[in-house]
């Protein structure tokens, strides 16, 4: 059974600091990796996708993927209170990476 | 604007009644629809996957006769919760995808409260 593991948190960081979110997955043939942000009572919002080993940067967000270690992370630089949310790691497989397996999410709190 | 429209956003119903939730892809043809359920402080749980024109594939433990999924067109899928009970109260979210365009989007979700 495919599994995606995340630390549930809460992870608390001061405003302006770097928040580091981690995720491990069990299925070695996984091909795509996603980070979603979910505010309370809202549906998930895609913030990053990564498909190959290494780093991918988009604004204040950096996703890191290490397929050998089956590990993917998300760094949020200059954290803002508006970043406070639950971050879901999702791992995709199948054609078009449709089949997503979600982790339970890490709750991030950015303290002003 | 939203590329996947999900309605209603919130519904309250009496126990024993049925509730229909609609999910529409606005700017693309969704070859595949996924339906999720999320209980408070828990992650998304996949309920079923449906391809246009085909019967939905349900995840283990999800009653197909209780959660009716219809994906009759490339832009519309519906989830009907039949004979709803309080334990069905949850946040239901659809996700629409297109293989051709390699895109996928979540709907805004539906909060169901069964009294």
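Tabulated data
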{"quantity": "Test result for residue A:52, farther than 22 Å from residue B:44 by Cβ, touching a strand residue (DSSP E or B) at 6+ places or on another chain (Cβ under 9 Å) and modelled with pLDDT under 95", "calculated": "yes"}
{"quantity": "When residues of region B:41-60 are limited to those that are free of Cβ contacts under 8 Å to residues at least 12 places away in the same chain and within 13 Å of chain A (Cβ to nearest Cβ), the one nearest to the chain's Cα centre (by Cα)", "calculated": "B:57"}
{"quantity": "Residue A:44 vs. criteria in contact with a helix residue (DSSP H, G or I) (Cβ under 8 Å, 6 or more places away or on another chain) and either within 14 Å of chain B (Cβ to nearest Cβ) or surrounded by fewer than 16 Cβ atoms within 10 Å (Cβ to Cβ) (or both)", "calculated": "no"}
{"quantity": "Filter result (surrounded by 13 or more Cβ atoms within 10 Å (Cβ to Cβ), modelled with pLDDT of 90 or more and part of a loop (DSSP other than H, G, I, E, B)) within region B:62-77", "calculated": "B:62, B:64, B:66, B:75"}
{"quantity": "Residue under evaluation residue B:108, criteria (1) part of a strand (DSSP E or B); (2) within 14 Å of chain A (Cβ to nearest Cβ); (3) within 19 Å of residue B:3 (Cβ to Cβ); (4) modelled with pLDDT of 90 or more, criterion not met", "calculated": "(1)"}
{"quantity": "Any hit, region B:87-103, residues being more than 12 Å from the chain's Cα centre (by Cα), at pLDDT 95 or above and part of a strand (DSSP E or B)", "calculated": "no"}
{"quantity": "Residues of region A:68-103 classified as at the interface with chain B (Cβ under 9 Å from one of its Cβ atoms), more than 15 Å from residue A:47 (Cα to Cα) and within 11 Å of the chain's Cα centre (by Cα), total", "calculated": "1"}
{"quantity": "Filter result for the condition that a residue is out of contact with any helix residue (DSSP H, G or I) (no Cβ under 9 Å at 6 or more places or on another chain) and closer than 22 Å to residue A:40 by Cα, over B:59, B:22", "calculated": "B:22"}
{"quantity": "Conditions (1) surrounded by fewer than 20 Cβ atoms within 10 Å (Cβ to Cβ); (2) under 18 Å from residue B:105 (Cβ atoms); (3) touching a residue at least 60 places away in the same chain (Cβ under 8 Å): number failed by residue A:12", "calculated": "(2)"}
{"quantity": "All positions within region B:1-29 that are part of a loop (DSSP other than H, G, I, E, B) and either over 16 Å from residue B:91 (Cβ atoms) or without any contact (Cβ under 8 Å) to a residue 40 or more places away in the chain (or both)", "calculated": "B:1, B:2, B:3, B:14, B:15, B:16, B:17, B:18, B:26, B:27, B:28, B:29"}
{"quantity": "So residue A:2, is it part of a loop (DSSP other than H, G, I, E, B), within 13 Å of residue B:44 (Cα to Cα) and at pLDDT below 95", "calculated": "no"}
{"quantity": "Residue check for residue A:8: touching a strand residue (DSSP E or B) at 6+ places or on another chain (Cβ under 9 Å) and modelled with pLDDT under 95", "calculated": "yes"}
{"quantity": "Residue list for region B:68-100, filter: within 12 Å of another protein chain (Cβ to nearest Cβ) and touching a helix residue (DSSP H, G or I) at 6+ places or on another chain (Cβ under 9 Å)", "calculated": "B:97, B:98, B:99, B:100"}
{"quantity": "Selection from region B:1-21 of residues that are crowded, with 17+ Cβ neighbours inside 10 Å and under 12 Å from the mean Cα position of the chain (by Cα)", "calculated": "B:4, B:5, B:6, B:19, B:21"}
{"quantity": "Check on residue B:32, in contact (Cβ under 8 Å) with a residue 12 or more places away in the chain and facing chain A (nearest Cβ under 10 Å)", "calculated": "yes"}
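The values are calculated or read from the model by the stated rules, or taken from the named source; none is laboratory data. Since the model is a prediction, treat every value here as computed from it, not as a measurement. Here the Cβ is made from the backbone with ideal geometry for all residues, glycine too, and neighbour counts use every protein chain on show.
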